[in-house]
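Report on the structure given below.
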Amino acid sequence: MLGWFKKKFSKDEDTSAPQTNTEPQQTAEITQDASTTSPSPEAVPKQQEVSEPIPQPDETEEQSSGIGSMFQRLSTRLNKTKESLVYRMDALFLGKKEIDADLFDELEEILITADLGISTTMELLDDARKRVKRGALSDPKELKAILKEKLHSFIMASDKPAELVMPESGPFVIMVVGVNGVGKTTTIGKITKKFKQAGQSVLLVAGDTFRAAAVAQLKIWGERNDVSVVHQQEGADPSAVAFDAMDVAVAEGYDVVIVDTAGRLHTQVNLMEELKKIKRVMGKRLNNAPHEILLVLDATTGQNAVSQAKLFNEAVGITGLALTKLDGTAKGGIVACISRELAIPIRFIGIGEQIDDLRDFDADDFINALFGDETYTQ
Ligand SMILES: Nc1nc2c(ncn2[C@@H]2O[C@H](COP(=O)(O)OP(=O)(O)O)[C@@H](O)[C@H]2O)c(=O)[nH]1
Ligand SMILES: [Mg+2]
């Protein structure tokens, strides 16, 4: 199930040993050096000393459950969107013998309520109307299959591989951005577990220095995953924290660095300027860093998520999306809307608050889970 990034090395070694760099390791010494610089990384021992992962509540359930029930779980978690989109569609088509203007009006309302957005809804319906006009479509039941196919093609619209691609050498740096409360820190915790399970060493960076609670929250995720967290005191310059974290990551040979950032400063303009600065500063210390700028969006905010994505994209250039809280919303149509309007790959979807409630995004799985089929058929 770990198809969501390509490893930088073809590691044949035992994946339980996270330090696989060929350069000689001077971990103890470097840790000490680094701790004398301002952003002391916590003196948490690196993974080789702690081989026992902390069991999470639903870890065994997930591992023993297999693909079938993982799919089932996705389907269950998407239930609110299923109800608002698919079941309402079913109910509408059931009572109709032919496709008429009334049916299109009701369908339009269903699609907009599920947050597909006006223009995505219009394109979907225009396509169906044309088919009806040509005489290629008359049975309401066929309409459902056409809508499903079209939704699938919208989601595929960004047409880029969704896996994270790690650099050939050096740490893979992910900068995580998004407004307050969307689920950045939680998503970082969940992603960390995935990397660790794949045998990568991970360093977390507390770049949200504007609230002490934000640093504390990231540290909890660090403890859960048994990884170090670089942090400074509240109010520190986040660019300085990120810059120094690059030093630690290079010196200690980390595979992956994930940088948390603030979601709200005094004004939104300042936030964007701050994020640009963090990005620039990391790039100065480590060529091409950050390699991934992951924007976290809260699916429950519907269309608002699209406007947020546009703003963040203009400011820092977003390379991937994580869409959270799909478990708690009837607005899951936003997935199709975002894919079609932004053409930025959705890498992950969040379907709950627990550490395992993050999925690699897969268009086929998503559509099938929503429409209740096991396999996607054109
Ligand atoms: N139901 C649900 N809640 C989530 C999900 N992701 C995050 N949350 C919750 O959203 C809230 C805000 O998350 P947080 O990570 O602190 O957001 P941040 O301000 O962007 O860092 C927390 O209560 C999380 O548990 C998800 O996929 N589903
Ligand atoms: Mg946070």
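The values are calculated or read from the model by the stated rules, or taken from the named source; none is laboratory data. Quick caveat, the model's predicted, so the values are computed rather than measured. Glycine gets a Cβ as well: all are built from the backbone with ideal geometry, and neighbour counts include every protein chain shown.
Give the residue, chosen from 215, 202, 165, 176, that is within 16 Å of ligand 1 (Cβ to nearest atom) and more than 12 Å from the chain's Cα centre (by Cα).
Details: 202 fails: within 16 Å of ligand 1 (Cβ to nearest atom); 165 fails: within 16 Å of ligand 1 (Cβ to nearest atom); 176 fails: more than 12 Å from the chain's Cα centre (by Cα).
The match here is 215.
Would you mind finding the one in 359, 340, 347 that is out of contact with any strand residue (DSSP E or B) (no Cβ under 7 Å at 6 or more places or on another chain) and away from ligand 2 (no atom under 16 Å from the Cβ)?
Working: 359 fails: out of contact with any strand residue (DSSP E or B) (no Cβ under 7 Å at 6 or more places or on another chain); 347 fails: out of contact with any strand residue (DSSP E or B) (no Cβ under 7 Å at 6 or more places or on another chain).
Exactly one of 359, 340, 347 is out of contact with any strand residue (DSSP E or B) (no Cβ under 7 Å at 6 or more places or on another chain) and away from ligand 2 (no atom under 16 Å from the Cβ), namely 340.
Hey, any hits in the range 278-298 for a residue that's assigned to a strand (DSSP E or B), modelled with pLDDT of 95 or more and out of contact with any helix residue (DSSP H, G or I) (no Cβ under 7 Å at 6 or more places or on another chain)? Even if it seems obvious, please write down each step before you answer.
Residues of the range 278-298 that are assigned to a strand (DSSP E or B), as a first pass: 292-298.
Those left that are additionally modelled with pLDDT of 95 or more: 292-298.
Those still in the list that are out of contact with any helix residue (DSSP H, G or I) (no Cβ under 7 Å at 6 or more places or on another chain) too: 292, 294.
Checking the range 278-298: at least one residue is assigned to a strand (DSSP E or B), modelled with pLDDT of 95 or more and out of contact with any helix residue (DSSP H, G or I) (no Cβ under 7 Å at 6 or more places or on another chain).
Just checking, does the range 179-189 include any residue being part of a strand (DSSP E or B), within 12 Å of ligand 2 (Cβ to nearest atom), among the hydrophobic types (A, V, I, L, M, F, W, C) and touching a Lys or Arg at 6+ places or on another chain (Cβ under 9 Å)? Can you show your working first?
Residues of the range 179-189 that are part of a strand (DSSP E or B), as a first pass: none.
Taking every residue of the range 179-189 in turn, none turns out to be part of a strand (DSSP E or B), within 12 Å of ligand 2 (Cβ to nearest atom), among the hydrophobic types (A, V, I, L, M, F, W, C) and touching a Lys or Arg at 6+ places or on another chain (Cβ under 9 Å).
If I filter the range 107-123 for residues that are in a loop (DSSP other than H, G, I, E, B), among the hydrophobic types (A, V, I, L, M, F, W, C), modelled with pLDDT under 95 and under 24 Å from residue 323 (Cβ atoms), do I get at least one hit?
Here is the first cut: in the range 107-123, the residues in a loop (DSSP other than H, G, I, E, B) are 114-117.
Pick out the ones that are also among the hydrophobic types (A, V, I, L, M, F, W, C) and you get 114, 116.
Okay, now just the ones that are also modelled with pLDDT under 95, so 114, 116.
Those left that are additionally under 24 Å from residue 323 (Cβ atoms): 114, 116.
Yes, that holds for at least one residue.
This table checks each residue for (1) in a helix (DSSP H, G or I); (2) modelled with pLDDT of 90 or more; (3) of a type outside the set (Ser, Thr, Tyr); (4) surrounded by 13 or more Cβ atoms within 10 Å (Cβ to Cβ).
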| position | (1), (2), (3), (4) |
| --- | --- |
| 53 | no, no, yes, yes |
| 76 | yes, yes, no, yes |
| 91 | yes, yes, yes, no |
| 98 | no, no, yes, no |
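Would you call residue 249 in contact with a strand residue (DSSP E or B) (Cβ under 6 Å, 6 or more places away or on another chain), more than 29 Å from residue 352 (Cα to Cα), modelled with pLDDT of 95 or more and buried (at least 22 other Cβ atoms within 10 Å of the Cβ)? Break it down stepwise before answering.
Numbers: in contact with a strand residue (DSSP E or B) (Cβ under 6 Å, 6 or more places away or on another chain): yes; more than 29 Å from residue 352 (Cα to Cα): yes; modelled with pLDDT of 95 or more: yes; buried (at least 22 other Cβ atoms within 10 Å of the Cβ): yes.
Yes.
Can you find a residue that is away from ligand 1 (no atom under 16 Å from the Cβ), without any contact (Cβ under 8 Å) to a residue 24 or more places away in the chain and more than 17 Å from the chain's Cα centre (by Cα) anywhere in the range 365-375?
yes
Given the residues 236, 214, 198, which is the only one that is within 16 Å of ligand 2 (Cβ to nearest atom), more than 25 Å from residue 298 (Cα to Cα) and among the aliphatic types (A, V, I, L, M)? Spell out the reasoning first.
Values: 214 fails: more than 25 Å from residue 298 (Cα to Cα); 198 fails: within 16 Å of ligand 2 (Cβ to nearest atom).
Exactly one of 236, 214, 198 is within 16 Å of ligand 2 (Cβ to nearest atom), more than 25 Å from residue 298 (Cα to Cα) and among the aliphatic types (A, V, I, L, M), namely 236.
Yes or no, residue by residue, for (1) crowded, with 20+ Cβ neighbours inside 10 Å; (2) more than 30 Å from residue 81 (Cα to Cα); (3) within 16 Å of ligand 1 (Cβ to nearest atom):
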residue: 270; (1), (2), (3): no, yes, no
residue: 277; (1), (2), (3): no, yes, no
residue: 312; (1), (2), (3): yes, no, yes
residue: 324; (1), (2), (3): yes, no, yes
residue: 333; (1), (2), (3): yes, no, no
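Among the residues of the range 133-178, which ones are β-branched (Val, Ile, Thr) and modelled with pLDDT of 95 or more? First the steps, then the outcome.
Applying the first criterion (β-branched (Val, Ile, Thr)) to the range 133-178 yields 146, 155, 165, 173-174, 176-177.
173, 174, 176, 177 - these are the residues of the range 133-178 that are β-branched (Val, Ile, Thr) and modelled with pLDDT of 95 or more.
Answer yes or no: is there a residue in the range 312-320 that is away from ligand 2 (no atom under 16 Å from the Cβ) and among the charged types (D, E, K, R). Talk me through it step by step, then tell me what you get.
If we filter the range 312-320 for residues that are away from ligand 2 (no atom under 16 Å from the Cβ), which is where we start, we get 313-320.
Those left that are additionally among the charged types (D, E, K, R): 314.
The answer is yes, given that some residue of the range 312-320 is away from ligand 2 (no atom under 16 Å from the Cβ) and among the charged types (D, E, K, R).
Considering 222, 207, which residue is within 15 Å of ligand 1 (Cβ to nearest atom) and either closer than 19 Å to residue 295 by Cβ or among the charged types (D, E, K, R) (or both)? Reasoning before the result, please.
Values: 222 fails: either closer than 19 Å to residue 295 by Cβ or among the charged types (D, E, K, R) (or both).
Answer to the check: 207.
Is there any pair linking a residue in the range 116-140 that is acidic (Asp, Glu) to one that is in a helix (DSSP H, G or I), with Cβ under 7 Å and at least six apart or on different chains, and which?
These pairs meet every condition: 127/150.
For the range 295-335, which positions are more than 14 Å from residue 179 (Cβ to Cβ) and under 15 Å from the mean Cα position of the chain (by Cα)?
319, 320, 326, 327, 332, 334, 335
Scan the range 206-248 for residues that are farther than 19 Å from residue 272 by Cβ and not in a helix (DSSP H, G or I) and report the count.
Of the residues in the range 206-248, 12 are farther than 19 Å from residue 272 by Cβ and not in a helix (DSSP H, G or I).
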